[in-house]
Amino acid sequence: MPSDDSSHSHSQDRTQRMFLAVSPPEPVRALIAGLATPLREVRWTPADQLHVTLRFLGDVPEEKITPLVERLTSIRVEPFLLPVEGVGVFPNEHAPRVLWIGVGAGHPRLHQLRQRVDDALLASGLDVDLRTFHPHITVARCGDLATHAIKPWLRKYRDFAGPTFRVESFGLFSSVLTPAGAIHEPVSKIPLLK
């Protein structure tokens, strides 16, 4: 076996943990990040990592990434506006895991975009789970003892309404798990119709 670097011998087995998302513009992300307050067992999402997930892909074989990007680039959806409003938790207030800010009911074109994304994923031979789409921005992840800590925060921000932002693109991101949480890196930015 060559002594230089044998890690490439299994390149066909390499995968990247990936997802597709819409990224709000920097001023909107900064405003949302400004809502973070120190709370017990609550880990806030850094401003540059805030996004609306269209589809979590899991581990994607590296050889499928380029053909997938080509399919995604052919998606045609008109740009649209998304509000930033409302707060909530998944799965529920008694056992919160995720603290989120809403994007209203989304926009018909957001749902259209997600459908086109799913079509592209299926055409690329990738699995799509059929869970209902609840568009949101994850602002924090909660530990087991966060239940009481987040209640005042939820009360304080229940009527939160931020600025509406224009969605003109979406992105394919890689997600690397670290002890401090996942780190998202943009892989490809895909414009909507101009």
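Read-outs throughout are calculated quantities, based only on the coordinates presented, and are distinct from any laboratory measurement. If you're wondering where the values come from, they're calculated on a predicted model, not measured in any experiment. A quick note on method: Cβ atoms are made from the backbone with ideal geometry, for glycine too, and the neighbour counts reach across all protein chains shown.
Summarising the amide proton neighbourhood of residue 188: residues at separation of 5 or more, or on other chains, whose placed amide H is nearer than 5 Å comprise 172.
Quick one: net charge of residue 171's neighbours, Cβ under 13 Å, K/R +1, D/E -1?
Values: positive: 55, 189; negative: 48, 168, 185.
So the surrounding residues net to -1.
Rounded to the nearest Hz, the phi-derived 3J(HN,Hα) couplings of the range 181-189 under the Karplus curve 6.51 cos²θ - 1.76 cosθ + 1.60 (θ = phi - 60°) are x, 6, 10, 9, 10, x, 9, 8, 9, where x marks glycine and proline. Close amide-amide hydrogen proximity is noted between residue 54 and 20, 21, 22, each under 5 Å apart and 5 or more residues distant or on a separate chain (H modeled in the peptide plane; Pro and chain starts excluded). I want the local charge near residue 33. Using Cβ-Cβ distances under 11 Å, sum +1 for each Lys or Arg and -1 for each Asp or Glu among the other residues. The answer is -1. Report, as a whole number in µm² per second, the diffusion coefficient that Stokes-Einstein gives for the range 14-175 at 37 °C and 0.692 mPa s using the Kirkwood radius over alpha carbon pairs. Rounded to a whole number, D works out at 196 µm²/s.
Summing charges over all other residues whose Cβ lies under 14 Å from the Cβ of residue 157, with Lys and Arg as +1 and Asp and Glu as -1, gives +1. Neighbour counts of C-beta atoms inside 10 Å place 134, 184 in the sequence 134, 184, starting with the fewest.
List the trypsin sites (Lys or Arg not before Pro) within the range 100-164 that fall in a DSSP loop (any state other than H, G, I, E or B) and whose Cβ has at most 16 other Cβ atoms within 10 Å.
131, 158
Backbone amide hydrogens, once placed in the peptide plane, bring residue 60 within less than 5 Å of 16, 17, 18, excluding anything fewer than 5 places away on its chain. Relative to the longest principal axis of the Cα atoms of the chain, the long axis of helix 62-73 lies at roughly 60 degrees.
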